[in-house]
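Before any comments, here is the structure.
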Amino acid sequence: MSSRHDPAAGAIESTAHAGSYTARIEPAGIDIEVYAGETLFDAADREGYDWPTICGGQGTCTHCHVRLLDGDPQAAAPIDTEQERRAVTRLARRLYGDDPTGIRLACQLQLRGDVVAEQRTFRGERR
């Protein structure tokens, strides 16, 4: 979020992007502002973070995946591709005891509200 000074009002006014949401990424403890219509992966990239990926956000490697831990259940847009559904099923089987709850690919995840998400290999490092 940025701010600007409004001389007429004599105050600093927030210039946060309208229609944006906060994704708190644990265990790194980093907040990322995600614009409406933007993926979490793209938001992290825009903010200069080195987000885990091999495929560069194409939805094929699953390295960018997150697990949603908290937030309104409707805060994440629904999975809308068969490719992501299959990836989530594989991740759940391999890493989460067959429980797909909250697992999403960050390169496909658009938000409709604030969330807390776990990304085990992201350390909050910037490029």
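Derivation of every value follows stated rules applied to the coordinates shown; laboratory data play no part. Only a predicted model underlies this, so the values are computations on that prediction, with no experimental measurement involved. Ideal geometry is used to build each Cβ from the backbone, glycine not excepted, and the neighbour counts take in all protein chains shown.
The table below gives the values:
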| read-out | value |
| --- | --- |
| Convex hull of the chain built on C-alpha atoms - directionally averaged projected area, nm² | 8.5 |
| Length gained when the stretch Tyr96-Thr22 is fully extended (0.36 nm per residue, less Cα-Cα span) | 24.2 nm |
| Residue of Ala117, Ala75, Ala106 that the Gaussian network model of the chain assigns the largest fluctuation, springs spanning Cα pairs under 10 Å | Ala75 |
| Relative intensity, log₁₀ I(q)/I(0), of region 37-91 from a Debye sum that treats every alpha carbon as a point, q = 0.14, 0.21, 0.26, 0.29 Å⁻¹ | -0.41, -0.95, -1.32, -1.38 |
| Under 5 Å, built H, 5+ apart or other chain: amide partners of Ala76 | Arg112 |
| Under 5 Å, built H, 5+ apart or other chain: amide partners of Ile103 | Leu68 |
| Cα centroid of region 28-48 to Cα centroid of region 75-127, whole Å | 14 |
| Hydrodynamic radius (Kirkwood) for region 12-66, which is based on Cα pairs only, to one decimal in Å | 12.3 |
| Net charge of neighbours whose Cβ lies under 13 Å from the Cβ of Gly19, counting Lys and Arg as +1 and Asp and Glu as -1 | -2 |
| Given charges at beta-carbon only (K, R positive; D, E negative), |dipole| of region 19-118 in Debye | 440 |
| Table column - 3J(HN,Hα) (Hz), region 120-125, Karplus curve with 6.51, -1.76, 1.60, x for Gly and Pro | 5, 9, 7, 10, x, 7 |
